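Student: I have a structure I would like to understand better, so I am pasting it below and will then ask my questions one at a time.
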Amino acid sequence: MATVLVPLATGFEEIEAISIIDTVRRSSIEVIVASVDGNADVRGAHGITVKADKSIKNITADDIDMIVLPGGWGGTKILAEDAKVQSLIKEMDAKGKQIGAICAAPFALDKAGVLKEKFTCYPSVEADIDHKGYDATQKVVSDKNILTSRGPGTAICFGLEIIKILLGNDAKEKAKGGLLADYCE
């Protein structure tokens, strides 16, 4: 079974985190929701608190198949500055493992130095990312082992691409049909 880590930091974007967690779990992929600061309850950008499964402290790249960062500026800034998160992102990339980020979170991937040639993010965040290759035309952009997406409205499509990467197109199409997400390419 594939395992995805979704690290939550205070100020994360709730729609993105929950959409990713829910969409991916529908395909029988294990999702670990991990707290960056070690507290079980993590408060999102819009005041919604989510209970994490565990702390990120003892999770290694060998424990997971993919790490997926939700956006939200508050949470993204923490993900970009947290030594454990940055180390884990770099370790995942060095091992050629899958890495995803949505909305503002590609900023944290840029800080880790793992963005490839193409990426997308929330409009205006690209100005804070010191990397060429921003694509404003796609909901989801895949480049080598890096998957990025634009924001809350693209979160289900992003989750479906995670399923495709880890389980294949048939699993993606099955989940897409169940979610009535025909708007996802």
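The values are calculated or read from the model by the stated rules, or taken from the named source; none is laboratory data. None of the values given here were measured: they were computed from a predicted structure. Please note: Cβ atoms are built from the backbone with ideal geometry, for glycine as well, and neighbour counts cover all protein chains shown. Just so you know, the surface numbers come from the protein's heavy atoms only, side chains and all, with ligands and any DNA or RNA stripped out. Shrake-Rupley method; radii C 1.70, N 1.55, O 1.52, S 1.80 Å.
Student: Using only the Cα atoms of the stretch 25-132, build the gyration tensor, take square roots of its eigenvalues as a ≥ b ≥ c, and label the shape rounded, prolate or oblate: rounded if a/c is under 1.5, else prolate if a/b is larger than b/c, else oblate.
Tutor: Working: a/c = 1.60, a/b = 1.18, b/c = 1.35.
Oblate shape, in that a/c is at least 1.5 and b/c is the bigger or equal ratio.
Student: Among 160-169, 37-46, 103-112, how do they line up from the highest to the lowest mean number of other beta-carbon atoms within 10 Å? Kindly include the intermediate steps, with their values, before the conclusion.
Tutor: Details: 160-169: 19.7, 37-46: 15.7, 103-112: 26.0.
Answer by packing, highest mean first, reads 103-112, 160-169, 37-46.
Student: What percent antiparallel are the DSSP beta bridges of the stretch 1-124, to the nearest 5?
Tutor: Values: 3 of 17 bridges.
In the stretch 1-124, approximately 20 percent of DSSP beta bridges are antiparallel ones.
Student: State to the nearest 20 debye the size of the charge dipole of the chain about its Cα centre, where the only charges are +1 on K and R beta carbons and -1 on D and E beta carbons.
Tutor: Values: 22 positive and 27 negative charges, 35 e Å.
Magnitude of the dipole: close to 160 debye.
Student: Moving on. Might you tell me the accessible area per residue for the chain, computed with a 1.4 Å probe and given in Å²?
Tutor: Values: 8180 Å² over 185 residues.
That works out to 44 Å² for each residue.
Student: Calculate what fraction, in whole %, of the accessible area of the chain sits on carbon and sulfur atoms when a 1.4 Å probe is rolled over the protein chains.
Tutor: Values: 3940 of 8180 Å².
That share works out to 48 percent.
Student: Please give me the summed charge of the neighbours of HIS131: other residues whose Cβ is under 13 Å from its Cβ, Lys and Arg +1, Asp and Glu -1.
Tutor: Result for the neighbourhood of HIS131: -3.
Student: With all protein chains present, calculate the accessible area of TYR122 using a 1.4 Å probe and round the result to the nearest 10 Å².
Tutor: Accessible surface of TYR122 is approximately 100 Å².
Student: What's the percent breakdown of Cα-Cα distances in the stretch 9-56 across 10 Å bins, shortest bin first?
Tutor: 29, 54, 17
Student: Based on Cβ point charges of +1 for Lys and Arg and -1 for Asp and Glu, what charge dipole magnitude is obtained for the stretch 142-185 about its Cα centre, in debye rounded to the nearest 20?
Tutor: Here the size comes out at about 100 debye.
Student: Estimate the FRET efficiency between LYS174 and GLU117 by the formula 1/(1 + (r/R0)^6), using the beta-carbon distance for r and 25 Å for R0, to the nearest 0.05. Present the calculation step by step, with values, prior to reporting the outcome.
Tutor: Numbers: r = 31 Å, r/R0 = 1.24.
FRET efficiency, LYS174 to GLU117: 0.20.
Student: Does the chain classify as rounded, prolate or oblate by the C-alpha gyration tensor (a ≥ b ≥ c root eigenvalues; a/c under 1.5 gives rounded; else a/b over b/c gives prolate, otherwise oblate)? Don't skip to the end; give the middle numbers.
Tutor: On the way: a/c = 1.26, a/b = 1.09, b/c = 1.16.
Note, shape of the chain comes out rounded.
Student: Sticking with this structure for a sec: Would you calculate a helix-derived [θ] at 222 nm for the chain, using -39,500 (n - 2.57) for each DSSP H run of n ≥ 4 and dividing by the full residue count, to the nearest 500?
Tutor: Details: 6 runs with 64 residues, N = 185.
Using -39500 (n - 2.57) per qualifying helix, the result is -10500 deg cm²/dmol.
Student: If you scale each eigenvalue of the Cα gyration tensor by 5 and take the root, what three semi-axes come out for the stretch 122-185, rounded to whole angstrom and sorted largest first?
Tutor: On the way: eigenvalues 116, 35, 11 Å².
So the three semi-axes of the stretch 122-185 are 24, 13, 8 Å.
Student: Which pairs in the list LYS51/LYS84; LYS90/LYS118; LYS97/LYS139; LYS54/LYS116; LYS97/LYS174 are over 27 Å apart, alpha-carbon to alpha-carbon?
Tutor: Working: LYS51/LYS84 20 Å; LYS90/LYS118 18 Å; LYS97/LYS139 22 Å; LYS54/LYS116 30 Å; LYS97/LYS174 24 Å.
Violating the 27 Å Cα-Cα cut-off are LYS54/LYS116.
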